[in-house]
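Below you'll find the structure, written out as structure tokens, and then a few comments.
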Amino acid sequence: MSELPTGWAQTTLSKIAAWGSGGTPSRSEPSYYGGGIPWIKTGELGPRFVRSTEESISEEGLSKSSAKLFPAGSVAIAMYGATIGKTSILGIQATTNQACAVGIPHVEATTKEYLYHFLCSQKEAFIEAGKGGAQPNISQAIIKDWNLPLAPLPEQKRIADKLDSVLARVDACRDRLDRLPALLKRFRQSILAAATSGRLTEDWRGTVALSNWAKVSVKEICLSVSDGDHQAPPQATSGIPFITISAFNTGHLELHKASRFVPKEYFGSLSSIRRPARGDVLYSVTGSIGIAALVDVDAEFTFQRHVAILKPDHSRVSSAYLLHLLSSEMIKEQAQLIATGTAQLTIPLNGLRAFVINLPPANEQTEIVRRVEILFAFADRLEARLATARRQVGQLTPALLAKAFRGELVAQDPADEPAAELLQRLAAQRAEAPKAKRGRAKA
């Protein structure tokens, strides 16, 4: 920060809080654990307050390790690994492991809320500072020397109160947005349920009766239902793309996700029922079962037995209608009933061929597909707007924190004691305080 607001002072974290870190009692001593002293690990940091812990240690574990007991109101920050920068206020008196740095705010200089929000605002900077080693980490020395723009104490409280208010609204907005993807998924499934049951085209048909519909098996409406090669194919540095389920797990075929290539000679040796063509439908039958995707490209590609390939009989069913059928809950329920295996579910091909479907006449299939695609396009637009909204909401918290520590979130009050004066007073108090005596502990 090049220019500070009036009354603010530039300082370091060591000047406004007493810092320490914890420790881990020996795991080989069961008596060190399960006592009444809460023990916090870095994975538990992140929520505003930590008020309960997964583990606790005993008085013996505390006394015979480097663990330290920190008072409620201290602020803990993770120093190691993927959790660097995660911060919480201790809502209870607790110990921590050695991967947590804990600051006990000097109440004459700052509040726990101001310190908490500032550390949250610096998370990305802490992550950047921790890069460069096999295990990303920041040290207590880095934290203590970290620069902090310090507002006058009354303004700190106004800033913290304002942040608490606006960030609560941001969190509530984020929570509501996070619920919408599930609603959109249910919306799409309700469309498919209406489509495959005849409800979607009742007005077009002019009746609720399905007299022209037939109950048939998948085998009856397909020229073939097969899967990929059961043997591992030869690999090549170029040639024909080889895909896995990940190439269509979104419901759309994405050949750029091909994991490797196979020689053209190998592809040419495959049976025609195993070679995809435009208009075929892919269906996952192992692992992530029940995902369908339309082959909408002319490019050659191949796959193994985890993927089934259905070649529709276009005299009976359209590719698009078959795709929507296979994506419907009606088919997913049948898939779950016949799937075998525990660690990895598998749909047998004979079971897939025996799936029972509702088959309308060709002209009604066309109308169903038209209406489904209109409604799905509407859902896609909603999803795109949702993604934009979630991205914008995700930017609000860091933007508000940055604004707060530039002095732009609340008004300054000339009557507030300048931060420089309270720092000077704190320094004087600490200089006058009696020094702790050091000596060799008695045996």
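The values are calculated or read from the model by the stated rules, or taken from the named source; none is laboratory data. For clarity, every value in this text was computed on a predicted model and none was experimentally measured. When we count neighbours, we look across all protein chains shown, and the Cβ atoms used for this are built from the backbone with ideal geometry, even at glycine.
Among what's in segment 365-418 and is among the aromatic types (Phe, Trp, Tyr) and surrounded by 13 or more Cβ atoms within 10 Å (Cβ to Cβ), pick the residue that is farthest from Leu153 (Cα to Cα).
The first filter runs over segment 365-418 and keeps only residues among the aromatic types (Phe, Trp, Tyr), leaving 376, 378, 405.
Now restrict to residues that are surrounded by 13 or more Cβ atoms within 10 Å (Cβ to Cβ): 376, 405.
On the way: Phe376: 54, Phe405: 13 Å.
Result: Phe376.
As an exercise: evaluate Pro105 against (1) touching a Lys or Arg at 6+ places or on another chain (Cβ under 6 Å); (2) outside the structural domain of Gly81 (by TED's automatic domain parsing) and give the number of the one condition it does not meet.
If we test Pro105 against (1) touching a Lys or Arg at 6+ places or on another chain (Cβ under 6 Å); (2) outside the structural domain of Gly81 (by TED's automatic domain parsing), just (2) comes out false.
Might you check whether a residue that is hydrophobic (A, V, I, L, M, F, W, C), assigned to a helix (DSSP H, G or I) and crowded, with 16+ Cβ neighbours inside 10 Å occurs anywhere in segment 149-156? Quick ask: steps written out before the conclusion?
We begin by selecting, within segment 149-156, every residue hydrophobic (A, V, I, L, M, F, W, C); these are 150-151, 153.
From what's left, assigned to a helix (DSSP H, G or I): 153.
Narrowing the set further to residues that are crowded, with 16+ Cβ neighbours inside 10 Å leaves 153.
Among the residues of segment 149-156, at least one is hydrophobic (A, V, I, L, M, F, W, C), assigned to a helix (DSSP H, G or I) and crowded, with 16+ Cβ neighbours inside 10 Å, which makes the answer yes.
Residues checked against (1) polar (S, T, N, Q); (2) farther than 23 Å from Ala141 by Cα:
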{"position": "Pro30", "(1), (2)": "no, yes"}
{"position": "Tyr33", "(1), (2)": "no, yes"}
{"position": "Ser56", "(1), (2)": "yes, yes"}
{"position": "Ser63", "(1), (2)": "yes, yes"}
{"position": "Gly73", "(1), (2)": "no, no"}
{"position": "Ile77", "(1), (2)": "no, no"}
{"position": "Gly85", "(1), (2)": "no, no"}
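Restricting attention to segment 1-28, which residues are under 30 Å from Lys41 (Cα atoms), part of a strand (DSSP E or B) and among the hydrophobic types (A, V, I, L, M, F, W, C)? Explain how you work it out, then say what you get.
Taking segment 1-28 first, the residues under 30 Å from Lys41 (Cα atoms) are 11-28.
Narrowing further to those that are part of a strand (DSSP E or B): 11-12, 17-21.
The answer is Ala17, Ala18, Trp19.
Do you know which residues across segment 201-235 are loosely packed, with under 12 Cβ neighbours inside 10 Å and of a type in the set (Val, Ile, Thr)?
Scanning segment 201-235 gives Thr207, Val208.
Hey, any hits in segment 205-218 for a residue that's of a type in the set (Gly, Ala, Ser), in contact with a Leu (Cβ under 9 Å, 6 or more places away or on another chain) and not in a strand (DSSP E or B)?
no
Restrict the check to segment 248-267 and report whether at least one residue is assigned to a strand (DSSP E or B), touching a strand residue (DSSP E or B) at 6+ places or on another chain (Cβ under 9 Å) and of a type in the set (D, E, K, R). Give the derivation first.
The first filter runs over segment 248-267 and keeps only residues assigned to a strand (DSSP E or B), leaving 260-262.
Cutting the leftovers down to touching a strand residue (DSSP E or B) at 6+ places or on another chain (Cβ under 9 Å) gives us 260-262.
Retained after the next criterion (residues that are of a type in the set (D, E, K, R)): 260.
Checking segment 248-267: at least one residue is assigned to a strand (DSSP E or B), touching a strand residue (DSSP E or B) at 6+ places or on another chain (Cβ under 9 Å) and of a type in the set (D, E, K, R).
If I ask for residues that are surrounded by 22 or more Cβ atoms within 10 Å (Cβ to Cβ), within 13 Å of Thr24 (Cβ to Cβ) and aliphatic (A, V, I, L, M), which ones from segment 53-90 would you list?
Passing the criteria: Ile57, Ala67.
For the list (1) in the same structural domain as Ser74 (by TED's automatic domain parsing); (2) free of Cβ contacts under 8 Å to residues at least 60 places away in the same chain, I need the number of the one condition that Gln140 fails.
(2)
Quick check on my filter: what residues within segment 291-318 are without any contact (Cβ under 8 Å) to a residue 60 or more places away in the chain and either crowded, with 19+ Cβ neighbours inside 10 Å or outside the structural domain of Ile273 (by TED's automatic domain parsing) (or both)? Give the derivation first.
Step one: list which residues in segment 291-318 are without any contact (Cβ under 8 Å) to a residue 60 or more places away in the chain, which gives 291-299, 314-315, 318.
Passing the criteria: Ile291, Ala292, Ala293, Leu294, Val295.
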